[in-house]
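Undergrad: Below you'll find the structure I mean.
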Amino acid sequence: MNRQLAHLSDEALVALAARSEQSALAELYDRYGRTAYGLALRVLRDQTLAEDAVQEAFLTVWRTASRFMPERGKASTWILTLVHRRAVDAVRREQRRRADSLDQAAEPAVEGAEEDAFLHLQRERVQAALRHLPDAQREALELAYYGGFTQSELAERLGQPLGTIKSRMFGGLSRMRELLGEPGTETSWTPTT
Amino acid sequence: MDAHDLTAAYALDALAPDEAEAYERHLSQCEECREQLAELNETATALAFATVAPAPPARLRASILDAAAAERTNVVPLLRRRWVARGLAVAAAAAACIAVGLAVSLSQSSQPTVTASVVLDPNGTATLHISGLSAAPSGKTYEAWVIPKGGSPRPAGLFPGGGSTTVRLRGTVPRNAVVAVTRERAGGASTPTPPVLFSTPT
């Protein structure tokens, strides 16, 4: 696989994509496509729907790259947020929502190329942080993020006031942020050279 | 509705569409929420990395890149030109050939992995993007040309090739002009030396 652009930052690649440099889009896909697909598959539980969500998200990157502003946040966050939104929209539309928590869900057999060591490390780190959260906060994050439920639906489903759900979400994300802020926690591409 | 306490839900995409719209309107007025959202977005995205999946099928990558290529309406792909053996008096007729876009030449060295495109700005400035073109041999250079419809080729920039190249074409590129690339002696030429390696379709 040609990785001529491997030394560039994500943000530089987005800038190149804004100038119609297709190899930049390809490099962004090579960095984040697997994570994007894993996320979409987790939310949608269907390969075709997951592929569609990932494709639409990357095409949105392609179409709107000129409007991306690095001051507003990381390119990787932007890309994966696009994927997540598409996946959540689709799972709601297709009425496919499921309430399995992350570790209850059967892990699919990982076929094909071995998982990148970087991705593996990130996954362990985030899963460890999730385990550190109080159950109620973790549940709120997982049901919302992976399940595609709205906060109102969660309130109803869990029999809790809306305000409680809001604070669990906020508390959970804040605590995760602290835990992941430990040194060495990078969730964006780090050049290997 | 107090929108400040919706930031976490918005970061998790856990708002209904009308709630999300209302929050977005609030966001445009609230710097504090924008800052907080930027932080929480990053944390929420970390949850994406907690998933595990098999590698996506190869067709997905191809599908995305094909669709992206097809979508760029302001991008004109450069096509490799093929020889149509006509016995043309090459030197004298070169300019005319290129101007009317007669198929001109077979590249001497096959370079199957070259992709090239011209991106036009609305005000007529253009950039040439080429990837996979091998570097010009020593003593040679690549030269880009802009050929207005019915006019003569005008030099538009020299570049050495190799890897990915972006060339800002000199001058503006009028509508219906052709952009072409030839290989020239170092320092360039004032008229193109056939073969034309790539050109925009006419």
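Undergrad: Return yes or no: is B:Thr51 at pLDDT 95 or above, facing another protein chain (nearest Cβ under 7 Å) and open to solvent by less than 70 Å² (accessible area, probe 1.4 Å)? Explain how you work it out, then say what you get.
TA: Numbers: at pLDDT 95 or above: no; facing another protein chain (nearest Cβ under 7 Å): yes; open to solvent by less than 70 Å² (accessible area, probe 1.4 Å): yes.
It is false that B:Thr51 is at pLDDT 95 or above, facing another protein chain (nearest Cβ under 7 Å) and open to solvent by less than 70 Å² (accessible area, probe 1.4 Å).
Undergrad: Further question: Which of the helices (runs of 4 or more DSSP H) contained wholly in region A:1-87 include at least 3 residues that are touching a residue at least 24 places away in the same chain (Cβ under 8 Å) and under 16 Å from the mean Cα position of the chain (by Cα)?
TA: Numbers: elements: A:10-18, A:22-44, A:47-64.
Where helices (runs of 4 or more DSSP H) fall fully within region A:1-87 and carry at least 3 residues being touching a residue at least 24 places away in the same chain (Cβ under 8 Å) and under 16 Å from the mean Cα position of the chain (by Cα), they are A:22-44, A:47-64.
Undergrad: Among the candidates A:Asp10, A:Asp30, A:Asp52, A:Asp46, which residue alone is under 16 Å from B:Ile64 (Cβ atoms), more than 9 Å from chain B (Cβ to nearest Cβ) and not basic (Lys, Arg)? If you could, list the steps in order and put the result at the bottom.
TA: Values: A:Asp10 fails: under 16 Å from B:Ile64 (Cβ atoms); A:Asp30 fails: more than 9 Å from chain B (Cβ to nearest Cβ); A:Asp46 fails: under 16 Å from B:Ile64 (Cβ atoms).
After applying the criteria, what remains is A:Asp52.
Undergrad: Any idea which residue in region B:171-202 is most open to solvent (accessible area, probe 1.4 Å), counting only those that are free of Cβ contacts under 8 Å to residues at least 40 places away in the same chain and farther than 15 Å from B:Val119 by Cβ?
TA: Here the answer is B:Asn176.
Undergrad: Does B:Ala9 satisfy being at the interface with chain A (Cβ under 10 Å from one of its Cβ atoms), touching a His at 6+ places or on another chain (Cβ under 7 Å) and under 28 Å from A:Gln127 (Cα atoms)?
TA: Working: at the interface with chain A (Cβ under 10 Å from one of its Cβ atoms): yes; touching a His at 6+ places or on another chain (Cβ under 7 Å): no; under 28 Å from A:Gln127 (Cα atoms): yes.
So B:Ala9 does not fit the description; no.
Undergrad: Could you check region B:23-42 and list, in sequence order, the residues that are among the hydrophobic types (A, V, I, L, M, F, W, C) and more than 13 Å from chain A (Cβ to nearest Cβ)?
TA: Residues of region B:23-42 among the hydrophobic types (A, V, I, L, M, F, W, C): B:27, B:30, B:33, B:37-38, B:40.
If the condition is that a residue be among the hydrophobic types (A, V, I, L, M, F, W, C) and more than 13 Å from chain A (Cβ to nearest Cβ), then B:Cys30 is the only one that fits.
Undergrad: Every residue in region A:55-69 that is more than 11 Å from chain B (Cβ to nearest Cβ) and not hydroxyl-bearing (Ser, Thr, Tyr), please.
TA: Here is the first cut: in region A:55-69, the residues more than 11 Å from chain B (Cβ to nearest Cβ) are A:64, A:66-68.
Matches in region A:55-69: A:Arg67, A:Phe68.
Undergrad: What are the residues in region B:157-170 that are open to solvent by 60 Å² or more (accessible area, probe 1.4 Å) and in a loop (DSSP other than H, G, I, E, B), if any?
TA: B:Pro160, B:Arg170
Undergrad: Here is a follow-up. In the set A:Thr81, A:Thr60, A:Thr64, A:Thr48, which member is open to solvent by 40 Å² or more (accessible area, probe 1.4 Å), more than 20 Å from A:His7 (Cα to Cα) and of a type in the set (Val, Ile, Thr)? If you could, list the steps in order and put the result at the bottom.
TA: Values: A:Thr81 fails: open to solvent by 40 Å² or more (accessible area, probe 1.4 Å); A:Thr60 fails: open to solvent by 40 Å² or more (accessible area, probe 1.4 Å); A:Thr64 fails: open to solvent by 40 Å² or more (accessible area, probe 1.4 Å).
Criteria check complete, one pass: A:Thr48.
Undergrad: Identify, by number, the condition in (1) modelled with pLDDT of 95 or more; (2) more than 9 Å from chain B (Cβ to nearest Cβ); (3) surrounded by 12 or more Cβ atoms within 10 Å (Cβ to Cβ) that A:Leu141 doesn't meet.
TA: Among (1) modelled with pLDDT of 95 or more; (2) more than 9 Å from chain B (Cβ to nearest Cβ); (3) surrounded by 12 or more Cβ atoms within 10 Å (Cβ to Cβ), A:Leu141 violates only (2).
Undergrad: Now for a separate question. Hey, any hits in region B:137-151 for a residue that's open to solvent by 30 Å² or more (accessible area, probe 1.4 Å) and of a type in the set (A, V, I, L, M, F, W, C)? I'd like the intermediate steps shown before the answer.
TA: As a first pass, look at region B:137-151 and keep what is open to solvent by 30 Å² or more (accessible area, probe 1.4 Å): B:137-140, B:148-150.
Okay, now just the ones that are also of a type in the set (A, V, I, L, M, F, W, C), so none.
No, region B:137-151 contains no residue that is open to solvent by 30 Å² or more (accessible area, probe 1.4 Å) and of a type in the set (A, V, I, L, M, F, W, C).
Undergrad: Next up: Considering only region B:28-47, state which residues are in contact (Cβ under 8 Å) with a residue 12 or more places away in the chain and surrounded by fewer than 21 Cβ atoms within 10 Å (Cβ to Cβ).
TA: Passing the criteria: B:Cys30, B:Glu32, B:Cys33, B:Gln36.
Undergrad: I would also like to ask the following. So, in region B:115-136, exactly how many residues are among the polar types (S, T, N, Q) and exposed (fewer than 14 other Cβ atoms within 10 Å of the Cβ)? Write out each step before concluding.
TA: Taking region B:115-136 as the starting set, the residues that turn out to be among the polar types (S, T, N, Q) are B:115, B:117, B:123, B:125, B:127, B:131, B:134.
Next, from what is left, pick out any that are exposed (fewer than 14 other Cβ atoms within 10 Å of the Cβ): B:123, B:134.
Summing the residues that are among the polar types (S, T, N, Q) and exposed (fewer than 14 other Cβ atoms within 10 Å of the Cβ) in region B:115-136 gives 2.
The values are calculated or read from the model by the stated rules, or taken from the named source; none is laboratory data. On a predicted model such as this, the values are computed, not experimentally measured, just so you know. Glycine gets a Cβ as well: all are built from the backbone with ideal geometry, and neighbour counts include every protein chain shown. Please note that ligands, DNA and RNA were not included when accessible areas were found on the heavy atoms of the full protein model with its side chains. Shrake-Rupley method; radii C 1.70, N 1.55, O 1.52, S 1.80 Å.
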